[in-house]
Amino acid sequence: MRISTVAVIATVFVAVRARADDTKPPQISEVRASLKGGQVQIEARITDETGVLSAICHHRGAGGRAEDSPMMRNDYDDVFRASFPGGPDTEYWIEASDLLGNGPATYGSSAKAFAVGSAAPAEKTPRAQPPPRKQAEPRPPRERVTAKAAPPPSVEHSRPGTSPPEGRDFLVRTKIRSESPVALAVLQVRPQGNTTFTNMPLTRTEGETWEAQIPAAMAHGNVEYFITARNETGQATRQGEGGSRAPYVIAFKKAVVTATPQAAPATTAPPQATGPFIFTDNPPVRIPPGRPFVLRAQVVPPTDKGEMPDRVAILWRGNDAQDQLTDMVRDETGGWGGYKAELPPQDEGAIFFQIVACDAAATKCGIDTGSKRKWHATAIAAQAGASRPLPLDAVSTKAPPTLPE
């Protein structure tokens with residue numbers, strides 16, 4: 001029994017890895033155009049190993065400008081459809097891209113568009129249905145309604161507010177929510193200026209949290225990335241800074257080598273805003289109310305020969321306006337310098353926090369916001385889409401006095 005279980009796990013891993021390495025664009029076939037009552041209907045079967053992210057039907061009238069109509073997927077097969085006003089002289093062509101950015105695959109083009117008129121009579125000829133689909137026609141009404149109501153996955157992520165050190169593994173965390181189970185989640189990474197992404201599977205760690213590492217070999221200069229996810233109904237999302245078109249960008253920072261304080265000449269560069277430590281964290285935009293939550297960060301010295309902090313803590317303020325200092329513990333999943341802390345449930349509103357790190361005597365302290373007056377602001381809200389609260393500008397009486405101004 002143990003051998004068969006291991007074999008199943010290995011098979012699943014290989015299957016997920018293969019989908020993450022998919023480099024082929026979608027395939028477009030069985031395209032049909034029909035015309036009825038001044039309305040053009042275009043349908044096509046579009047398939048892909050990973051999942052179709054977007055399908056667009058471009059169309060134009062005689063001598064008119066081209067317009068775009070998104071093609072929507074049927075809930076029970078791979079047929080995509082679009083409908084728009086037009087006539088026999090309307091021309092169209094189709095483009096489709098997959099979840100990993102492969103494509104676009106094309107059916108026709110602006111220079112070689114298809115005319116609807118040549119296919120208009122086809123509306124009188126019903127599309128042949130595969131026998132298995134006819135046999136499976138009876139479905140419980142509740143099941144059909146549920147499948148139609150399932151939206152694409154929702155990705156909640158914001159890029160780091162500070163530049164992480166280059167040449168070290170960097171952990172990317174995100175929240176993925178989906179009414180239908182997530183079938184595939186991938187982190188797409190590339191150096192800025194490159195055209196090809198490296199696809200790395202995201203791993204679910206707890207609840208709705210997923211994570212993957214940008215390897216140290218890629219952690220140099222500016223790095224672009226997308227977070228992509230597809231659920232079991234085939235609905236897909238590709239999320240970047242500007243939706244599916246503009247990626248997130250991380251600017252990895254070169255380590256600054258400085259002399260020891262007693263040997264520092266007059267021309268020594270001024271200290272970094274974060275003090276004796278480099279902070280990398282990803283403040284959440286929103287946290288659900290009424291349940292505990294975990295905040296994570298990476299805190300490391302500016303050079304490989306530097307000393308790690310003796311204490312890392314979260315200084316936070318909830319809706320009661322009372323400042324609290326909660327120690328962070330080592331996070332074994334967070335790589336070198338990874339720390340985490342669980343904060344208690346909060347009511348609807350906002351929470352403000354800073355991550356501070358000090359040596360044993362608290363004579364050398366750093367703060368992730370760069371100043372003890374600056375705080376991260378996170379909404380405590382049950383509904384997705386809540387805007388980030390305005391940041392707090394105040395100094396806490398519990399802040400170490402050696403924090404930078």
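Values quoted throughout were computed directly from the atomic coordinates according to the rules given, and no laboratory measurement underlies them. Just so it is clear, the model here is predicted, and its values are computed rather than measured. Neighbour counts are summed over all protein chains in view; Cβ atoms, including those assigned to glycine, are modelled from backbone coordinates with ideal geometry.
The figures follow:
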| quantity | calculated |
| --- | --- |
| Cβ-derived FRET efficiency at R0 56 Å, MET308 paired with GLU179, nearest 0.05 | 0.85 |
| FRET E, pair GLU232, ALA386, Förster distance 30 Å, beta-carbon r, rounded to 0.05 | 0.65 |
| Local electrostatic count, VAL249, Cβ distance below 9 Å [Lys/Arg +1, Asp/Glu -1] | -1 |
| Taking N as its residue count, the alpha carbon Rg of segment 269-405 over 2.2 N^0.38 Å | 1.03 |
| Extension gain, ARG159 back to ASP68 (0.36 nm per residue minus Cα-Cα distance, nm) | 29.7 nm |
| Placed amide H near ARG311: partners under 5 Å, 5+ positions off or other chain | CYS358 |
| Distance (nanometres) between label positions extended 7 Å along Cα→Cβ at ARG204 and GLN324 | 2.9 |
| Computed over segment 160-261, Kirkwood Rh from alpha-carbon pairs, angstrom | 14.7 |
| Charge context of ILE176, other residues only, Cβ under 11 angstrom, K/R +1, D/E -1 | +2 |
| Hz values of 3J(HN,Hα) by residue in segment 162-172 - Karplus curve (6.51, -1.76, 1.60), Gly and Pro given as x | 10, 7, x, x, 7, x, 9, 4, 10, 8, 9 |
| Stretch gain in nm, segment ASN222-ALA111, where the contour uses 0.36 nm per residue and the Cα spacing is subtracted | 36.2 nm |
| Flagged links, alpha-carbon separation over 21 Å, of LYS24/LYS175; LYS175/LYS340; LYS254/LYS305; LYS305/LYS340; LYS364/LYS398; LYS374/LYS398 | LYS24/LYS175; LYS305/LYS340 |
| Long-range HN-HN contacts of ILE278 with modeled amide H, under 5 Å | VAL300 |
| Where labels lie 7 Å past Cα in the beta-carbon direction, separation of GLN27 and THR196 in nm | 2.3 |
